[in-house]
1. Of all residues in segment B:51-95, how many are in contact with a strand residue (DSSP E or B) (Cβ under 8 Å, 6 or more places away or on another chain) and among the hydroxyl-bearing types (Ser, Thr, Tyr)?
2. Going through segment B:157-185 one residue at a time, which ones are within 12 Å of another protein chain (Cβ to nearest Cβ) and over 30 Å from residue B:350 (Cα atoms)?
3. Does segment B:284-291 contain any residue that is closer than 21 Å to residue B:159 by Cα, within 14 Å of chain A (Cβ to nearest Cβ) and out of contact with any Ser or Thr (no Cβ under 6 Å at 6 or more places or on another chain)?
4. All but one of (1) away from chain A (no Cβ under 14 Å); (2) more than 25 Å from residue B:191 (Cα to Cα); (3) buried (at least 24 other Cβ atoms within 10 Å of the Cβ) hold for residue B:476; which doesn't?
5. Is one or more of the residues making up segment B:372-386 more than 22 Å from residue A:91 (Cβ to Cβ) and within 14 Å of another protein chain (Cβ to nearest Cβ)?
6. I'd like the full set of residues that are of a type in the set (Asp, Glu), in contact (Cβ under 8 Å) with a residue 40 or more places away in the chain and surrounded by 10 or more Cβ atoms within 10 Å (Cβ to Cβ), limited to segment B:1-35.
7. Against the definition (of a type in the set (Val, Ile, Thr), in a strand (DSSP E or B) and over 25 Å from residue B:239 (Cβ atoms)), how does residue A:35 come out, yes or no?
8. So which residues in segment A:1-23 are outside any loop (DSSP other than H, G, I, E, B) and within 8 Å of chain B (Cβ to nearest Cβ)?
Amino acid sequence: MRVTQGCYSFLPDLTDEQIAAQVQYCLDKGWAVNIEFTDDPHPRNTYWDMWGLPMFDLRDAAGIMKELADCRRVYGDRYIRMSGFDSSHGWESVRISFIVNRPKNEPGFRLERQEVGGRSVSYTTRAYALDRPEGERYADQ
Amino acid sequence: MNMQQSITVRGKDRYKSGVMEYKRMGYWEPNYEPKDTDVIALFRVTPQDGVDPTEACAAVAGESSTATWTVVWTDRLTAAEKYRAKCYRVDPVPNSPGSYFAYIAYDLDLFEPGSISNLTASIIGNVFGFKPLKALRLEDMRLPTAYVKTFQGPATGIVVERERLDKFGRPLLGATVKPKLGLSGRNYGRVVYEALKGGLDFCKDDENINSQPFMHWRDRFLYCMEGVNRAQAATGEVKGTYLNVTAGTMEDMYERAEFAKQLGSVIIMIDLVIGYTAIQSMAKWARRNDMILHLHRAGHSTYTRQRLHGVSFRVIAKWMRLAGVDHIHAGTVVGKLEGDPATTRGYYDICREDFNPMTLEHGVFFDQPWASLNKMMPVASGGIHAGQMHQLLDHLGEDVVLQFGGGTIGHPKGIQAGATANRVALEAMILARNEGRDYVHEGPEILAKAAQTCTPLRDALEVWKDVSFNYESTDSPDFAPTATPAT
């Protein structure tokens, strides 16, 4: 399967040139670009680990692409996403977010159903990868 | 108009028994300067033949505030001058002989805090049936900050909705399940599953899907949530379906909303026809229960569509932002339902901005502060398809739900393919826009390029290539943008 979180998961994986253009778009808007990675792709896993702080003061796409390359060297087996953060009043949140790296093999999620009262079902989504400890989930790919 | 003198009768003559013209009773005050705390209404007044326009406009002020048809001495027991609404300006409507714009100011004390029902009982109460008027339309309102602050506002708001869904940087995609009537719960849930798995973020009940013999509401909720959860596991994305909780009583609506929450739905839905108080109650429920609240504007066209009589949708949008819904249908420009680009732009601004400056060419007559009230997500639904993606993005922007019902379910290769076509078209267009391309003009090329690696999109572009809805709008702005001299 393919995790389709983020802005561009239905397109072919973005090239570095395409990523740089999106980064430039964020910078032109005055947003801080942030790089995050995880090996828990659950749709409600909000807090991916940060590759350093959001780059509030970096105004150059090339510098950010270098950070991405460094992150990929260390965590290339995991999901990596980039986001643009807008600190202006009334938003103060993420403006755009897209996946820029993913494991070669994405085993996906198990849907667990627990039959409860009446015909109701209590649903839980669990990533197959989470059967292994953090850091080892996609390591043997 | 050049009648700038107050002709209000003062002193004890004002209270002599009998009938007196409204404009002499204190409802026409051309020198009045509205206070920052006044509610201001702008009406389009079309008097009966032979009725003096100023008198007609003063009558609207009177009948929507303190007046009755004759002088009453009991006015003297009150601070009557404060409570009288004051018409302070009357302008002829451009290119529309016989109609006048009346600006009327109301003191804040006339309104109960936090109650749309109370506001509307005055502003669109008896006055709309007043015989000396041929027609009356409420065009716009200025709601002062002091009044805005008495409302909860959208239960969730655009920003938190996006955070909860983990979806940023692009419009959300939805589809209304079709056919709107007749599917069983089991078949209905199938459509939800297919559309969400194919790439949509939301599915939606239609306005008249409540609890009918072919599908009772609990069945629908159960099967829909099976579809939502299956699709969520298949994609790793948060998915939702607007479960319509509209019912005959508040008790029934609360019961349905509680069940939706128990099943883990992220969103519920109500129809405008449930009424303002019911909407506010559901908005409070939604805030208490971490639920996004979708509003379908069922019924609005009975009073919003005609230029001369009724209530403009921009006013309904303002009331709904106060009342506290998170989503509101606000037009597509290019689809099958009413809405010219400039007027629709005005509606969208009312939903999404923290401050609306007066913009006559969009039909926005007043500066409107929103005082950090949450933003409301507009929804574009009705006759739109993937081939229009560049136009939709251009007209409607990024914070909008694009709902492709027929444009998903009617795809020749099935619902999943239809959903995928829409999602790929959207992502390709956002990517191109962010790259700085002239996506409005290059739209068809951008879509064609994306279709090279996406068969469902190719099929969608082919089957709907000639579909457009070009009819003249029945409700467009009265003011054209001021031409700037060429330099």
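1. 4
2. Within segment B:157-185, just B:185 meets the criteria.
3. Within segment B:284-291 (the criterion being closer than 21 Å to residue B:159 by Cα, within 14 Å of chain A (Cβ to nearest Cβ) and out of contact with any Ser or Thr (no Cβ under 6 Å at 6 or more places or on another chain)), the answer is yes, since at least one residue qualifies.
4. (3)
5. Yes, segment B:372-386 contains a residue that is more than 22 Å from residue A:91 (Cβ to Cβ) and within 14 Å of another protein chain (Cβ to nearest Cβ).
6. Filtering segment B:1-35 for residues of a type in the set (Asp, Glu) gives B:13, B:21, B:29, B:33.
With the extra rule that they be in contact (Cβ under 8 Å) with a residue 40 or more places away in the chain, the set shrinks to B:29, B:33.
Within segment B:1-35, just B:29 meets the criteria.
7. On the way: of a type in the set (Val, Ile, Thr): yes; in a strand (DSSP E or B): yes; over 25 Å from residue B:239 (Cβ atoms): yes.
Yes, satisfied.
8. The answer is A:18, A:21, A:22.
The values are calculated or read from the model by the stated rules, or taken from the named source; none is laboratory data. Treat the numbers as computed from the prediction; the structure is a model and nothing was measured. Backbone-built Cβ (ideal geometry, glycine too); neighbour counts: all protein chains shown.
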